[in-house]
Amino acid sequence: MADQPSGQTTDKPLLAVLRGERRDPPPVWMMRQAGRYLPEYRALRAEKGGFLDMVYDPAAAAEITLQPLRRFPLDAAILFSDILIVPHALGQELSFVAGEGPRLKPPLSGAEMTAFQAAPERLESIYETVRQVKAQLAPQTTFLGFAGSPWTVATYMVAGEGSREQAEARTLAYMDPGKFAAIITAIEDATVTYLVGQADAGVDAVQLFDSWSGSLAPSEFERWVIAPTARIVAKLRALRPELTIIGFPKGAGGKLPAYARETGVHALGLDETVDPVWAHANLPANMPVQGNLDPLALMAGGEALEQAVRRVLSALEERPHVFNLGHGIGQFTPIEHVEQMFRLLGKAA
């Protein structure tokens, strides 16, 4: 795609909102918008094979990143990748088991970081994906990169897989805080490197996913969610001041205001359990927020979807707001319900 003439900039509505403007209607993207609910994604996955094969194939990952933008009037593309690329680059072996999810070996519940042989070259194909997407992206479309936040990534590295209560990581953090802090530090350093690489390759903004932050007690949340995130944000702001950062601490609930104040993120993602009226009243004034339609309301469609969309829009109408889901779009969400959502937002699908 041709560059803009010298001295001319293109308006990117979603990026403008993340930086503090208000737009009406609000710009839109959807978490997991590139994925299994799209028949074209399922067809490509059947052709390419495993999930990691696609993540590490820049042409395939770029195609998947762009697929939803061909269907819907989205204001952002989000990189097709996975939060577990960072432990893979740190040297932990990664695989995805069909129907069961990720596996990381050896799990750090019984191993040390010194057992790993770092493999930073695994990040290079992700940067190439970013470059390929950037070359094909419309100038007004914001390009989002992402990484997992240290706490969430650590829960997988310690247990070797996903777990509902994150008991292995939480126990290790209590029993051996020194070892756990070393794991967090390694993830922090790798994450900064990874996100700087994404920025240099072409993303406009990044999201830090802390999908399991809701499992922690308040003091542990301060130690393992807020503090590591604040260090990452501070380093990114020093290294790449132009990079916009969204924090998404899923399940944080009443701890959201402290997260917003203390981490330094530019914008805050709200999951579907957060009352947006409460969020508007309790978060820092004029801080941009993102969310928070329940993905199951989108799956239901019809009147339930209409009411849910209106509630979110009404609650956040006085604040810079990026319309999004409270978490990822479900695999079995009907395409026509996504189209209905865009019509409700005043955007023709």
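The values are calculated or read from the model by the stated rules, or taken from the named source; none is laboratory data. The structure presented is a predicted model; accordingly, all values stated were derived computationally and were not measured. Positions of Cβ are generated from backbone atoms using ideal geometry, with glycine treated the same way; all protein chains shown enter the neighbour counts. Ligands, DNA and RNA are excluded from the accessible area calculation, which covers all protein heavy atoms including side chains. Shrake-Rupley method; radii C 1.70, N 1.55, O 1.52, S 1.80 Å.
Here is how the numbers come out for the structure above:
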{"read-out": "Condition broken by Ile126, with the remaining ones in (1) within 22 Å of the chain's Cα centre (by Cα); (2) in a loop (DSSP other than H, G, I, E, B); (3) of a type in the set (A, V, I, L, M) satisfied", "value": "(2)"}
{"read-out": "Qualifying residues in segment 303-347 (those that are within 19 Å of the chain's Cα centre (by Cα) and more than 15 Å from Asp24 (Cα to Cα)) - the one surrounded by the fewest Cβ atoms within 10 Å (Cβ to Cβ)", "value": "Gln331"}
{"read-out": "Counted residues, segment 260-302 - those being under 23 Å from Leu344 (Cβ atoms), open to solvent by less than 30 Å² (accessible area, probe 1.4 Å), in a loop (DSSP other than H, G, I, E, B) and without any contact (Cβ under 8 Å) to a residue 40 or more places away in the chain", "value": "1"}
{"read-out": "Helices (runs of 4 or more DSSP H) lying entirely in segment 141-221 (those with 2 or more residues that are among the aliphatic types (A, V, I, L, M) and under 14 Å from Pro107 (Cβ atoms))", "value": "150-159, 167-175"}
{"read-out": "All helices (runs of 4 or more DSSP H) inside segment 4-123 with 2 or more residues being under 27 Å from Val338 (Cα atoms)", "value": "13-18, 39-48, 51-55, 58-71"}
{"read-out": "Among the candidates Arg131, Arg36, Arg103, residue that is touching a residue at least 12 places away in the same chain (Cβ under 8 Å), closer than 25 Å to Ser211 by Cβ and open to solvent by 70 Å² or more (accessible area, probe 1.4 Å)", "value": "Arg36"}
{"read-out": "Test: residue in segment 304-327 that is touching a residue at least 60 places away in the same chain (Cβ under 8 Å) and assigned to a helix (DSSP H, G or I)", "value": "yes"}
{"read-out": "Pairs where the first residue, in segment 57-84, is closer than 16 Å to Thr142 by Cβ and the second is open to solvent by 30 Å² or more (accessible area, probe 1.4 Å) and hydrophobic (A, V, I, L, M, F, W, C), C-beta under 7 Å, 6+ apart", "value": "Phe72/Ala349; Pro73/Ala348; Pro73/Ala349; Ala77/Leu69"}
{"read-out": "Residues satisfying the stated conditions in segment 236-274, i.e. within 18 Å of Ser211 (Cα to Cα) and among the acidic types (Asp, Glu)", "value": "Asp271, Glu272"}
{"read-out": "So Asp11, is it out of contact with any helix residue (DSSP H, G or I) (no Cβ under 7 Å at 6 or more places or on another chain) and among the acidic types (Asp, Glu)", "value": "yes"}
{"read-out": "Filter result for the condition that a residue is open to solvent by 10 Å² or more (accessible area, probe 1.4 Å) and at pLDDT 95 or above, over Ala205, Ala173, Ala182, Ala169", "value": "Ala182"}
